[in-house]
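The structure appears right after this line, and notes come after that.
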Amino acid sequence: MLEPNSGLSERYSSVKASLQKSIKDAGRADDSVKLLAVSKTFSISVLEEAVACGMREFGENYVQEACEKIDFFRAKYSELKLTWHLIGPLQSNKTRSVAERFDWVQSIDRLKIAQRISDQRPDGLPPLNVLIEVNISNQGSKSGVQPSEVLAMAKSIKSLPNLRLRGLMCVPKPGQTEAEKLAPLKAMKILFDQMNDQGLEFDTLSMGMSADMDEAVKSGSTMVRIGTAIFGSRDYSKKGIPNG
Ligand SMILES: *Cc1c(COP(=O)(O)O)cnc(C)c1O
């Protein structure tokens, strides 16, 4: 049943309040930044409480875990319009489950994956919204497309029939100081504007997590992805090693 949980509800309200404050301080319009609740590792019953608190858009990282949640809510609460974003890595063997269920995939970093989800998107569903994940902090091991390769990939993705390319996403290397946090976020905003100058008509710049939400809003983010500040810290021990 949909029972609000008071701890969750308080944390969610306080995240919404600090987001509004950041937006105001940045001199931006009230509704210019969307709040995505990142629910990875949290159970279906926690998600039911989250829905009772008013959350409707969820970010998930692990395909199988996410599919179970999506199927549960579509079956049990079919009247609810929830929006599901994949924000974690996507391997080729999982593209079909994603194409059949998700509303957004924010972690596109290979053209091959984009082609597969476009091919596998069922008829009758709207185009899948996608973002290109950019490796903005230039860490060898992290996923994401190099900034210099974004334009070419964007043009290719634009031609895929069942996808709607909406913009860019990044997970910068965690910064300690405000200046360290701001540098990659500002670089993303410059790249985003350059892509729009090239005619790509992007409307979504997904950046900002619990630790850098304010800096992301200052830098021009249009969607912050908040997990810990809403749900509390994650316990990975119950899940083994998350690998999608
Ligand atoms: C886990 C995750 C988040 C949320 O991070 P918090 O620090 O818990 O807010 C946001 N984006 C991505 C891609 C993530 O994997």
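What to note about this one:
- Only listed residue being in contact (Cβ under 8 Å) with a residue 60 or more places away in the chain and under 30 Å from Lys218 (Cα atoms), chosen from Val63, Val15, Val105, Val46: Val15
- The number of residues in the stretch 7-55 being over 13 Å from Gly232 (Cβ atoms), outside any loop (DSSP other than H, G, I, E, B) and not hydrophobic (A, V, I, L, M, F, W, C) comes to 11.
- Out of Ser137, Ser156, Ser141, Ser118, sole residue that is over 26 Å from Arg56 (Cβ atoms), of a type in the set (Gly, Ala, Ser) and modelled with pLDDT of 95 or more: Ser156
- The single condition from (1) more than 16 Å from the ligand (Cβ to nearest atom); (2) modelled with pLDDT of 95 or more; (3) not in a helix (DSSP H, G or I) that Gly59 fails is (1).
Yes/no matrix, rows are residues, columns are (1) over 19 Å from Leu205 (Cα atoms); (2) more than 15 Å from the ligand (Cβ to nearest atom):
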residue: Ala26; (1), (2): no, yes
residue: Ala29; (1), (2): no, yes
residue: Leu36; (1), (2): no, no
residue: Val51; (1), (2): yes, yes
residue: Gln64; (1), (2): yes, yes
residue: Arg74; (1), (2): yes, yes
residue: Thr83; (1), (2): no, yes
residue: Thr95; (1), (2): yes, yes
residue: Ser107; (1), (2): no, no
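- With respect to the conditions (1) touching a residue at least 40 places away in the same chain (Cβ under 8 Å); (2) under 26 Å from Leu163 (Cβ atoms); (3) surrounded by 19 or more Cβ atoms within 10 Å (Cβ to Cβ), Phe192 falls short on a single one, namely (1).
The values are calculated or read from the model by the stated rules, or taken from the named source; none is laboratory data. Bear in mind that the values here come from a model prediction, so they are computed numbers and not experimental data. We place every Cβ from the backbone using ideal geometry, glycine too, and count neighbours over all the protein chains shown.
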